[in-house]
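Inspection log for the structure reproduced underneath, given as structure tokens.
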Amino acid sequence: MKPFAKRMDEIPFSMTVEIDSLAKRLSTDGRSIWNLGVGEPNFDTPVHVKEAAIRSINKGLTRYTTPSGMQTFKEAVREKLKKENNLIYAPEQIIATSGAKHAVFNAIAALIDTDDEVLIPVPYWGTYSALVKYCGGKPVFLECTKENKLRLKAEQISKAATPKTKAIILNSPCNPTGVVYSKEELESFAKVIVENDLYCISDEIYEHLIYTKEPSISIATLPDMQERTIIVNGFSKAYCMTGWRIGYLAAPNELAKGIAKVQGQTTHHPSNISQYGAIAALNGPFDSVIAMRQEFSERMHRISEIFESIPGINFLKPEGAFYLFVDVGSYYGKKTEAGTLVSNSIEFCKSLLDEQGLVLVPGISFGNDSYVRFSFTASLPTISVAVPKFKEFVERMKG
Ligand code: PLP
């Protein structure tokens with residue numbers, strides 16, 4: 001048999017998805033599992049969103065529509081961008097996608113040629129580097145160090161940029177670090193992005209989940225940036241619509257035209273039903289988002305409190321998103337209570353699952369092997385049992 005396409009080898013399995021499937025399997029087999037791995041809010045989709053989608057089915061609004069998204073969807077996104085982000089877009093610049101992940105894929109596929117370099121701050125969401133490689137590009141990693149509190153510095157962009165550099169991918173609030181960049185930091189990035197003539201893919205999916213007083217701004221609002229920025233966003237996180245697979249991107253005109261063309265030959269368009277739900281989410285009441293943010297904020301403080309009581313653990317209080325990225329490097333080279341030697345983040349997470357039934361994501365899947373990621377999308381009672389299990393696990397390590 002002839003081999004499959006080489007580009008298939010460039011893309012690894014998503015470790016987060018694999019870990020989540022393993023946790024679900026173990027749970028079905030009857031084991032007690034505490035899953036702090038998955039980045040999926042444990043709340044239901046708001047009722048008015050569900051009702052809007054049901055109404056659309058009952059009205060028979062179930063036919064093909066425009067590949068780049070329904071006009072009413074685009075209008076709702078356009079209004080949102082104007083009202084919440086102070087950005088003016090024409091409907092043609094907005095593309096409805098099957099989730100934000102698909103929007104990231106569309107943006108990379110439209111921008112990146114073979115051997116183009118793409119700057120990706122580390123730690124990163126694994127999809128970015130996987131998709132850059134799949135599209136023939138070369139990820140160039142910008143290490144955000146512990147000394148810099150896992151934050152990117154503008155000098156790193158200017159140092160890494162070469163004539164081959166096409167784009168940078170920014171994610172604020174960030175998965176997995178919880179870093180939210182200030183206006184001043186974004187201004188410093190924008191300056192070097194413009195100087196080096198780069199595109200910027202700005203993944204803003206966690207924009208409504210910020211726990212500090214300072215609101216987030218989109219880098220596209222800064223001078224000369226809108227024409228070189230592709231905003232990526234979606235409904236999975238703020239509106240608890242993970243399974244609906246609906247998101248969008250907003251891009252410069254010509255790029256959006258190209259993406260619409262490709263989408264027309266691939267997925268055609270995301271489900272109409274999900275688009276109707278998303279319109280209701282954008283146009284409807286915002287109280288469910290506020291209530292969820294409040295709940296996440298309480299969880300974040302609770303989980304941080306427990307961590308502060310564990311010796312040898314290093315972490316930064318997240319400013320946004322719903323993750324805690326914890327440095328467990330000081331435990332490498334030690335043995336667990338069951339006698340397993342742990343020397344990296346995969347071994348750490350595997351032993352934690354075997355011995356305590358606790359699911360975390362190894363830092364290596366975000367490009368930093370010294371860390372593990374906790375997701376506080378689980379309920380407070382689950383967190384209150386699960387995190388002390390972690391504490392017990394590390395306190396019993398020897399060596
Ligand atoms: N972008 C980031 C940074 C994420 O963490 C995730 C999901 O974990 C996504 C995008 C994917 O969102 P969606 O469910 O809309 O594809």
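The values are calculated or read from the model by the stated rules, or taken from the named source; none is laboratory data. Nothing here was measured: the structure is a model prediction, and the numbers come from that model. Cβ atoms come from the backbone with ideal geometry, glycine included; neighbour counts cover every protein chain shown. SASA here: full protein model, heavy atoms, side chains in, ligands and nucleic acids out. Shrake-Rupley method; radii C 1.70, N 1.55, O 1.52, S 1.80 Å.
Using only side-chain charges placed at the Cβ, +1 for Lys and Arg and -1 for Asp and Glu, the dipole size of the chain relative to its Cα centre rounds to 780 debye.
Amide H to amide H distances under 5 Å link Lys138 with Asp115, Asp116, Glu117, Val118, where only residues 5 or more positions off or on other chains count and H is placed in the peptide plane. Evaluating 6.51 cos²θ - 1.76 cosθ + 1.60 at θ = phi - 60° for every residue in the range 364-380, the Karplus couplings come out as 4, 6, 10, x, 9, 6, 7, 10, 10, 10, 9, 10, 9, 7, 6, 5, 4 Hz, glycine and proline recorded as x.
Backbone amide hydrogens, once placed in the peptide plane, bring Tyr323 within less than 5 Å of Phe376, excluding anything fewer than 5 places away on its chain.
Measuring nothing but how far apart in sequence close Cα pairs (under 8 Å, 6+ apart) lie, relative to its length, the chain scores a relative contact order of 23 percent. Between Gly258, Ser202, Asn148, the Cα set farthest toward the positive side of the dipole of the chain (charges on each charged residue's Cβ, about the Cα centre) is that of Gly258. Shape annotation for the chain: C-alpha extents along the principal axes are 60, 59, 53 Å, from largest to smallest. Based on the reciprocal of the average 1/r between different C-alpha atoms, the Kirkwood radius for the range 63-283 equals 17.4 Å. For the chain, the solvent-accessible area with a 1.4 angstrom probe is 45 square angstrom per residue.
Taking other residues whose beta carbon is less than 14 angstrom from the beta carbon of Glu395, and scoring Lys, Arg as +1 and Asp, Glu as -1, yields +3. DSSP assigns beta bridges within the chain; of those with both partners inside it, close to 50 percent run antiparallel.
So which chymotrypsin sites (Phe, Trp or Tyr not before Pro) in the range 34-111 are both in a DSSP loop and have at most 10 other Cβ atoms within 10 Å of their Cβ? Answer in residue order: Tyr64.
For the range 63-283, with all protein chains in place and a probe radius of 1.4 Å, 52% of the accessible heavy-atom surface sits on carbon or sulfur. Averaging the sequence gap over all C-alpha pairs within less than 8 Å and six or more residues apart, then dividing by the number of residues, gives the range 163-274 a relative contact order of 21 percent.
Which entries in the list Lys159/Lys350; Lys153/Lys389; Lys146/Lys191; Lys133/Lys153 go over 29 Å, if you measure between the two C-alpha atoms of each?
Among Lys159/Lys350; Lys153/Lys389; Lys146/Lys191; Lys133/Lys153, the Cα-Cα distance tops 29 Å for Lys159/Lys350; Lys153/Lys389.
In a reduced charge model with +1 at each Lys and Arg Cβ and -1 at each Asp and Glu Cβ, the range 66-194 shows a dipole moment near 180 debye about its Cα centre. By the helix-only formula, in which each DSSP H run with n ≥ 4 contributes -39500 (n - 2.57) and the sum is divided by residues, the chain has a 222 nm mean residue ellipticity of -12500 deg cm²/dmol.
Take every DSSP beta bridge whose two residues both sit in the range 63-283; close to 30 percent of them are antiparallel. Using the average count of surrounding beta-carbon atoms within 10 Å as a protection proxy, the listed peptides 130-141, 294-305 rank, highest first, as 130-141, 294-305.
Structural descriptor for the range 63-283: relative contact order 29 percent, calculated from alpha carbon pairs under 8 angstrom and at least 6 residues apart. Listed values for the range 118-124 are Karplus-derived 3J(HN,Hα) couplings in whole Hz (6.51 cos²θ - 1.76 cosθ + 1.60, θ = phi - 60°), namely 10, 7, 10, x, 10, x, 9, and x replaces Gly and Pro. Less than 5 angstrom separates the built amide H of Val122 from those of Leu142, Glu143, Cys144, all sequence-distant by 5 or more or on a different chain.
Here the range 214-284 is assigned +1 on the Cβ of each Lys and Arg and -1 on the Cβ of each Asp and Glu. Its dipole about the Cα centre then comes out at about 300 debye. Peptide packing: for 358-368, 233-243, the average count of neighbouring Cβ atoms within 10 Å per residue gives the ranking 358-368, 233-243, highest mean first. Sequentially through the range 328-336, phi angles give Karplus couplings (6.51, -1.76, 1.60; θ = phi - 60°) of 10, x, 5, 9, 5, x, 9, 9, 6 Hz, Gly and Pro residues having no value and appearing as x. Less than 15 Å apart at the alpha-carbon level, and either on another chain or at least 8 residues along: which aspartates and glutamates does that give for Lys335? Filter leaves Glu347, Asp354, Glu355, Glu392, Glu395.
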